Amino acid sequence: MVNGQTDNQLDNQLGRQTDEQLDNQLGGQTDGRIDGQIDELIDKAHDGIRRGHRRAIARLITRVENDPPAAEKIISALYVDTGQAHIVGVTGPPGSGKSTLVNELAKALRLRDFYVGIIAVDPSSPFTGGALLGDRIRMQDLSGDSGIFIRSMASRGSLGGLAQMTGNVAKVLDAAGFDIVLIETVGAGQAEVDIAGTAHTTIVIEAPGMGDEIQSIKAGILEIADILVVNKADRPGSSNTVKALKMMIHMGMRSHNGREKPPWNVPVLETIAHEGGGVEALTEALQGHRSYLKESGEWQVRERIRSREEIRGLLQSRFMAQFQNAVSEQQQEAMVEAVAERKMDPYTAVAQLFEQL
Ligand SMILES: Nc1nc2c(ncn2[C@@H]2O[C@H](COP(=O)(O)OP(=O)(O)OP(=O)(O)O)[C@@H](O)[C@H]2O)c(=O)[nH]1
Ligand SMILES: [Mg+2]
């Protein structure tokens, strides 16, 4: 690999076509010819990143993102190979330094000989417009490393749920032999919390300043943190933020009425991401959390929760699809009209619609 170039740049230079160009040519259909092609890609993914099949992995991911029937086939074929990777969610407010930290974390993990996949969800947030370009530049020093694979995903226009899509992309990387998959999302809403649900470990990043903490609590994001990071520790107020977060974790533990969990003390770490400060300690904490999950049995518990959610999600989409097929738009609208005008109650409407299935 040539240093400092993205896969796409390399492809263009080498006169190859990008995934999008190839896929457009093929019309995104799923006829026999393309299924044959998918079989070939799946075979390569089985051999995985250790055999250098980057292109096949990239193309499979494009398929998973853009072509639901192909995605079903791909995930079904690869699923048996998944379950090995440590899936890590990295979330936090816009501009808190997620990408910079993911970048440094990936480098530290590579030094430990791990293969690292990175999924950046919606990196060009409206808050920090042009961030995608910044990410590209920052991640340039990673793209020359054949043990690192970076993929950006836009949340808008993705078919199916974002969490489902992200989970599927992570599965392809898992099956292809990546040891760790880092998923960066802006911590702003339910979608991010859902994505954290697909991760074994969730790292929540904050920056010094009270505003951020209050925002996080509103979004319920502290609840999902396995590791808390106060990045930009070079800025004033960092130790106060650490203190405040530790206090909130403590209170959260006391008021927590949920499932009994084996003890894990959520560490609150300080980092200076753009200088690599504190990244070693974060890497250790990440490894520590993985060991904790494995040794306590919590890994299997989380896998079970995730699998249950996933099956439910797929069932829901399938029921809805079946419903949309069975009941015409006009019939549905007629019911809406009747309920809005108080000619029918919503329960009766649903009962009648259900009978048509
Ligand atoms: N002073 C200081 N600046 C930092 C630190 N870490 C990152 N930055 C800077 O903060 C800015 C935002 O960093 P990003 O890594 O893009 O933040 P992000 O959370 O990924 O941003 P979005 O993806 O847009 O939400 C960049 O200009 C970084 O160089 C740090 O530890 N200290
Ligand atoms: Mg970012």
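Could you count how many residues in segment 95-134 are at pLDDT 55 or above and not hydrophobic (A, V, I, L, M, F, W, C)? It would help to see each step written out before you state the result.
Looking only at segment 95-134, we keep the residues that are at pLDDT 55 or above, and these are 95-123.
If we keep only those that are not hydrophobic (A, V, I, L, M, F, W, C) too, we end up with 95-100, 103-104, 107, 110, 112-113, 115, 117, 122-123.
Qualifying residue count, segment 95-134: 16.
Could you tell me whether any residue of segment 107-116 is within 12 Å of ligand 2 (Cβ to nearest atom) and not polar (S, T, N, Q)? Spell out the reasoning first.
From segment 107-116, those within 12 Å of ligand 2 (Cβ to nearest atom) are none; that's our starting set.
No: zero hits.
Being in a strand (DSSP E or B), of a type outside the set (S, T, N, Q) and not assigned by TED's automatic domain parsing to the domain that holds I42: is that true of A106 here? Give the steps one after another, and end with the answer.
Numbers: in a strand (DSSP E or B): no; of a type outside the set (S, T, N, Q): yes; not assigned by TED's automatic domain parsing to the domain that holds I42: yes.
When the stated conditions are applied, A106 does not pass them.
For segment 314-357, name all the residues that are modelled with pLDDT under 95 and exposed (fewer than 10 other Cβ atoms within 10 Å of the Cβ).
Correct list: N325, E329, Q330, E355.
For residues that are at pLDDT below 90 and assigned to a loop (DSSP other than H, G, I, E, B), scanning just segment 84-94, find the one that is surrounded by the most Cβ atoms within 10 Å (Cβ to Cβ).
P93
Could you please let me know if V301 is closer than 20 Å to I227 by Cβ and of a type in the set (V, I, T)?
Working: closer than 20 Å to I227 by Cβ: yes; of a type in the set (V, I, T): yes.
The answer is yes for V301.
Name the residues in segment 44-67 that are part of a helix (DSSP H, G or I) and at pLDDT below 85, would you?
First, the residues of segment 44-67 that are part of a helix (DSSP H, G or I): 44-47, 49-51, 54-66.
Across segment 44-67, the qualifying residues are K44, A45, H46, D47, I49, R50, R51.
Look at R312 and say whether it is within 36 Å of the chain's Cα centre (by Cα) and basic (K, R).
On the way: within 36 Å of the chain's Cα centre (by Cα): yes; basic (K, R): yes.
Here the answer is yes, as R312 does meet what is asked.
Tell me, please, whether a residue that is among the aliphatic types (A, V, I, L, M) and surrounded by 22 or more Cβ atoms within 10 Å (Cβ to Cβ) can be found in segment 107-114.
Taking segment 107-114 as the starting set, the residues that turn out to be among the aliphatic types (A, V, I, L, M) are 108-109, 111.
Add one more test, that the residue is surrounded by 22 or more Cβ atoms within 10 Å (Cβ to Cβ), and what stays is 109.
Yes, segment 107-114 has at least one match.
Tell me, please, whether a residue that is assigned to a helix (DSSP H, G or I) and either at pLDDT below 90 or touching a Pro at 6+ places or on another chain (Cβ under 7 Å) (or both) can be found in segment 69-82.
The initial filter retains those residues of segment 69-82 that are assigned to a helix (DSSP H, G or I), namely 69-81.
Filter once more, keeping what is either at pLDDT below 90 or touching a Pro at 6+ places or on another chain (Cβ under 7 Å) (or both): 69.
Yes, the conditions are met somewhere in segment 69-82.
Any residue at all in segment 95-102 that's surrounded by fewer than 20 Cβ atoms within 10 Å (Cβ to Cβ), within 30 Å of G277 (Cα to Cα) and in the same structural domain as L182 (by TED's automatic domain parsing)?
So the first thing to find is which residues in segment 95-102 are surrounded by fewer than 20 Cβ atoms within 10 Å (Cβ to Cβ), and the list is 95.
Now drop any that are not within 30 Å of G277 (Cα to Cα), which leaves 95.
Right, trim to in the same structural domain as L182 (by TED's automatic domain parsing) and you get 95.
Taking every residue of segment 95-102 in turn, at least one turns out to be surrounded by fewer than 20 Cβ atoms within 10 Å (Cβ to Cβ), within 30 Å of G277 (Cα to Cα) and in the same structural domain as L182 (by TED's automatic domain parsing).
Being under 10 Å from L41 (Cα atoms) and out of contact with any strand residue (DSSP E or B) (no Cβ under 7 Å at 6 or more places or on another chain) is the filter here, so list the residues in segment 55-82 that pass it.
Filtering segment 55-82 down to residues under 10 Å from L41 (Cα atoms) leaves 55-60, 74.
Within segment 55-82, R55, A56, A58, R59, L60, I74 meet the criteria.
The values are calculated or read from the model by the stated rules, or taken from the named source; none is laboratory data. Quick caveat, the model's predicted, so the values are computed rather than measured. Using ideal geometry, Cβ is built from the backbone for each residue, glycine included, and neighbour counts are taken over all protein chains shown.
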